[in-house]
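Every number in this text was worked out from the coordinates using simple rules, so none of it is lab data. Just so it is clear, the structure is predicted and the values come from calculations on it, not from any experiment. Positions of Cβ are backbone-derived with ideal geometry, glycine not excepted, and every protein chain shown enters the neighbour counts.
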Amino acid sequence: MNPLQNTPAVPSSAEAFSRIDPASIKALTFDMQGSLLDFYSTIADAGTRLTGSRGIHVDWTELLDRWRKAYRVQLNEILAGTMAWKSTDSIYRGTLDGILGEAGWGHLLSSEDRDELSAAWSKLKPWPDTLPGLMQLCQRFKLSTLSNGSMASIINIVKTHDLPFDCVLTAELVDSSKPDPRVYALAQKSLGVRADEILMVACHKYDLAAAKKCGFKVAFIARPFEFGPKGKADVGTETYFDVQASSLTDLAKLLASAASPPR
């Protein structure tokens, strides 16, 4: 049976809700870029500083949008088998060259400048609610990343910001990317629990839909400013969501009623 069908209606997108018994959940897995980490502000600020220091005036909202789209295109090609696997770090660096090659000012940035810009993806800052939310959740549940980011970048971010994860997992460990089912199977195997005992947390619907098909419970965290103040993030409710919250601290409150004792 397709778990995305025959699900009951849910409240409006502005309303937090939970349809699961928190006591049935043993582990939470988290998407990182966008869901727990504010990539827009981090990259846009880093880019503005660097290009500004070179006397170049750039619309980083537009450039970052093109960069992310080029990155996703290559991920999709890897999933389709039309491109050999490579790390997201390599994808970001290579697609940056392509975008700058189309810009009239791109030649003004050296290879070292481009390395610096690409390295900003390994320095993403958490959203304000990320650390306090994780601190509450880690008292009761096992927590793991489940990101398309490289192992090196996610480890660096987790360590830099003291994020309380029990486990760091990325799609790199299976030479793939979400929504490949192998990525979700990696989480289940690594955490040693049943699929239905895992709650996947993300702001990206494709990620949650894939996790749901793999038997996970899914929690949607709305990030209306994921793509910046002028961006258009999809924050509407879907019938297959098991939990919806406006922040990670909101999610922690929804799951605080677990009947079982802390782990």
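Before moving on, here are some points about what is shown:
- The chain - charge dipole about Cα centre, Lys and Arg +1 at Cβ, Asp and Glu -1, debye rounded to 20: 540 debye
- Volume per residue of the C-alpha convex hull in the range 125-260, rounded to whole Å³: 113 Å³
- Separation of the Asp162 and Lys232 label points, Cα + 7 Å toward Cβ, nm: 4.1 nm
- Of the peptides 199-212, 228-241, 148-161, the ranking by mean beta-carbon count within 10 Å, highest at the top, reads 199-212, 148-161, 228-241.
- Mean Cβ count within 10 Å, highest first, over the residues of peptides 60-71, 123-134: 123-134, 60-71
- Helical mean residue ellipticity (222 nm; -39500 (n - 2.57) per DSSP H run of 4+; nearest 500) of the chain: -12000 deg cm²/dmol
- Relative frequency of Cα-Cα separations exceeding 21 Å in the range 3-134, percent: 56 percent
- Within straight-line cross-link reach of Lys123, lysines at Cα separation under 22 Å, skipping those fewer than 8 residues along the same chain: Lys69, Lys86, Lys159, Lys178
- Least to most buried among Leu163, Leu100, Leu36, Leu251 (fewest other Cβ within 10 Å first): Leu100, Leu163, Leu251, Leu36
- For the chain, the pair-distance distribution built from all alpha carbon pairs, in bins 10 Å wide starting at 0, is 7, 30, 35, 20, 7, 1, 0 percent.
- Here, P(r) means the percent of Cα pairs in each 10 Å bin from 0 to the largest distance; for the range 11-61 it is 19, 25, 24, 16, 13, 3.
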